[in-house]
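Working notes, beginning with the structure itself.
The values are calculated or read from the model by the stated rules, or taken from the named source; none is laboratory data. Keep in mind the model is a prediction, meaning the values are calculated, not measured. A quick note on method: Cβ atoms are made from the backbone with ideal geometry, for glycine too, and the neighbour counts reach across all protein chains shown. Accessible surface is based on the protein model in full, side chains and every heavy atom, while ligands, DNA and RNA are left aside. Shrake-Rupley method; radii C 1.70, N 1.55, O 1.52, S 1.80 Å.
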Amino acid sequence: QVHLVESGGGLVQAGDTLRLSCTGSGRTFNFWTMGWFRQAPGKEREFVAEISWTGGRTNIADSVKGRFTISRATDTVYLQMNSLKAEDTAVYYCQAKFRGDTLVASPPYEYWGRGTQVTVSS
């Protein structure tokens, strides 16, 4: 069974730093991008960042660009969050998405973790 398990969330003050981790298990994640989404209370889930399976390409949401970075070591993805703001408060979810040839691979093509809470007090 495939699992994505996030860790590293917590309660911090504005301006502080946190590093989230997400480790996948149950399969290898070659040809899978891994990334982060977040959902604040009363809001829809939004994209934060993603990284290609080789780690060679990253995509960062404008709202966190310059403050957050994403990195990857095989089946673990990290989100380094600097200069945190109150508006970064949310549950952060890890996602793995298959980017290979679906003609030769069986579904599912997407997995989600259960989330980790990040609370930033102002």
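For LEU11, are the conditions met, namely being part of a strand (DSSP E or B), over 15 Å from the mean Cα position of the chain (by Cα) and not small (Gly, Ala, Ser)?
Numbers: part of a strand (DSSP E or B): yes; over 15 Å from the mean Cα position of the chain (by Cα): yes; not small (Gly, Ala, Ser): yes.
The answer is yes for LEU11.
Can you list the strands (runs of 3 or more DSSP E) found entirely within segment 79-122 that contain at least 1 residues being open to solvent by less than 50 Å² (accessible area, probe 1.4 Å), under 21 Å from THR54 (Cα atoms) and not aliphatic (A, V, I, L, M)?
90-98, 110-112
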* For segment 24-44, enumerate the residues that are farther than 17 Å from TYR109 by Cα and not hydrophobic (A, V, I, L, M, F, W, C). => ARG38, GLN39, PRO41, GLY42, LYS43, GLU44
* Hits in segment 60-78 (condition: part of a strand (DSSP E or B), aliphatic (A, V, I, L, M) and surrounded by 14 or more Cβ atoms within 10 Å (Cβ to Cβ)) -> ILE60, ILE70, VAL77
